[in-house]
Amino acid sequence: MKVITTIQELQQALAPYYAANNTIGLVPTMGYLHEGHQTLAKAAVSENDVVVMSDFVNPTQFGPNEDYEAYPRDLERDARIASDVGVDILFAPSVEEMYPHQGGITFEAGAASKILCGATRPGHFNGVLQVVTKLFQIVRPTTAYFGQKDAQQLALIEMLVRDYHMPITIRPIPIVREVDGLAKSSRNVFLSAEERKLAPNLYKTLQSLQQTITQFDHIAAKAQIEAATNGRVDYIELLSYPDLQPVKEADTQLILATALYYDNVRLIDNIIFTVGE
Ligand code: PAF
């Protein structure tokens, strides 16, 4: 596996693949790789001729009160993990390489970026769409891989590609779960023993809400989750997918998305589904 830090070197390395019309998989990450990233990379490796993983802590998606500097970084460890799962190129540019000019064009991700998790992170998704657009332009992948766990990010990227006619397939990778259904997260270790016992009920409640989706009632759903989990609901929303708008009769793709506070941790989970399936 090659570790590459400049755009020029990356495009030189990819030139033979462009020329041969090969498939190029892109797995965008901010590094400090975990099991979730490995799952994305494994899918990319099995489906493409060449796989680029980006490893870049993007400053423009951090708010002024979020600690960009303290975000964990360990390129050597990332390189070992990426190489073990079969990634061909780890692209780890500097901030200067990615953002050589001050000012310039910025992104406004729109209404769908200001709800759900975006409600408490103003500007976050503008930065995500900005860096993802740059990565798409730099790498020119045929397919890019994103986890469904970050459903709002995934939805906004699906919209970006659709609305701006980008010739890229977005491949959502389903949430990886513990055997009891709890969505895997490095934050689960912050759950107390009692919370850990009840936390799988979050997903179970989403599943039962999906079964009775035509009767979805926001207040009742919130009460149902809180009773089952003993946590405090941050949000529970039923929306169209990927537009994240209030559901209209004609909508067939929907998302049930929730975030739940426990004492020391906030859990997120979601189900994306087709009505009637
Ligand atoms: O999901 C992430 O790790 C980041 O938001 C992404 C997509 C790599 C953009 O920086």
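Just so it is clear, none of the values below were taken in a lab; they were calculated from the coordinates. Values in this document were obtained by computation on a predicted structure and should not be read as measured data. Cβ coordinates were reconstructed from backbone atoms using ideal geometry, including for glycine residues, and neighbour counts include every protein chain displayed.
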Sorted by chain and number, the residues with a modelled amide H under 5 Å from that of Phe56, at a separation of 5 or more or across chains, are Thr29, Met30, Gly31
Region 171-255: relative contact order in percent, alpha carbon pairs under 8 Å with at least 6 residues between: 19
Sort Ser185, Ser240, Ser94 by Cβ crowding within 10 Å, fewest neighbours at the top. Ser94, Ser240, Ser185
If we count every other residue with Cβ under 15 angstrom of Val179's Cβ, Lys/Arg +1 and Asp/Glu -1, where does the sum land? +2
Got the relative contact order for the chain handy, in percent, Cα pairs under 8 Å and 6 or more residues apart? 16
Enumerate the amide H contacts of Val3 below 5 Å, restricted to partners 5 or more residues apart or on another chain; note that Pro and chain-start residues carry no placed amide H. Leu90
What do you get for the angle between helix 35-47 and the principal long axis of the chain? Use alpha-carbon atoms, 0 to 90 degrees, nearest ten. 60
Quick one: helix 218-229 against the long Cα principal axis of the chain, what's the angle to the nearest 10°, folded into 0 to 90? 90
Tell me which of Ser186, Leu90, Ala15 sits at the most positive position along the dipole axis of the chain, charges placed on C-beta atoms (Lys, Arg +1; Asp, Glu -1). Ser186
Points 7 angstrom from Cα along the Cβ direction at Tyr68 and Gln207: gap in nanometres? 4.2
Which one, Asp163, Asp78, Asp217, has the greatest fluctuation when you compute a Gaussian network model over the chain with C-alpha springs under 10 angstrom? Asp163
Counting Lys and Arg as +1 and Asp and Glu as -1, each charge on the Cβ, what is the dipole of the chain about the Cα centre in debye, to the nearest 20? 180
What relative contact order, as a whole-number percentage, does region 117-203 give when Cα pairs under 8 Å and 6 or more residues apart are counted? 23
With the Cα gyration tensor of the chain in hand, convert its eigenvalues to equivalent ellipsoid semi-axes via √(5λ) and list them largest first in whole Å. 33, 21, 19
Dipole of the chain [Lys/Arg +1, Asp/Glu -1 at C-beta], most positive-end residue of Val128, Ile272, Asn48: Ile272
Per the helix-only model, the chain has a calculated mean residue ellipticity at 222 nm (DSSP H runs of ≥4, -39500 (n - 2.57) each, divided over all residues, rounded to the nearest 500) of -10500 deg cm²/dmol
Packing-based exposure ordering (other Cβ within 10 Å, fewest first) of Tyr68, Tyr262: Tyr68, Tyr262
Potential lengthening between Val247 and Gln215 on full extension [0.36 nm per residue; Cα-Cα distance subtracted]: 10.3 nm
Given the options Ala111, Ala19, Ala79, state which has the largest fluctuation in a GNM of the chain using a 10 Å cut-off (strictly under) for Cα springs. Ala19
With +1 on each Lys and Arg Cβ and -1 on each Asp and Glu Cβ, and nothing else charged, work out how big the dipole of region 91-177 is about its Cα centre, in Debye to the nearest 20. 300
Mind checking the angle between helix 124-139 and the chain's longest principal axis? C-alpha axes, 0 to 90 degrees, to the nearest 10. 40
Kirkwood Rh and Cα Rg combined as Rg/Rh, region 1-151: 0.96
Which residue fluctuates most in the GNM of the chain (Cα springs below 10 Å): Val233, Val51, Val27? Val233
Ranked by Cβ crowding within 10 angstrom, fewest neighbours first, how are His37, His165, His218, His124 ordered? His165, His218, His124, His37
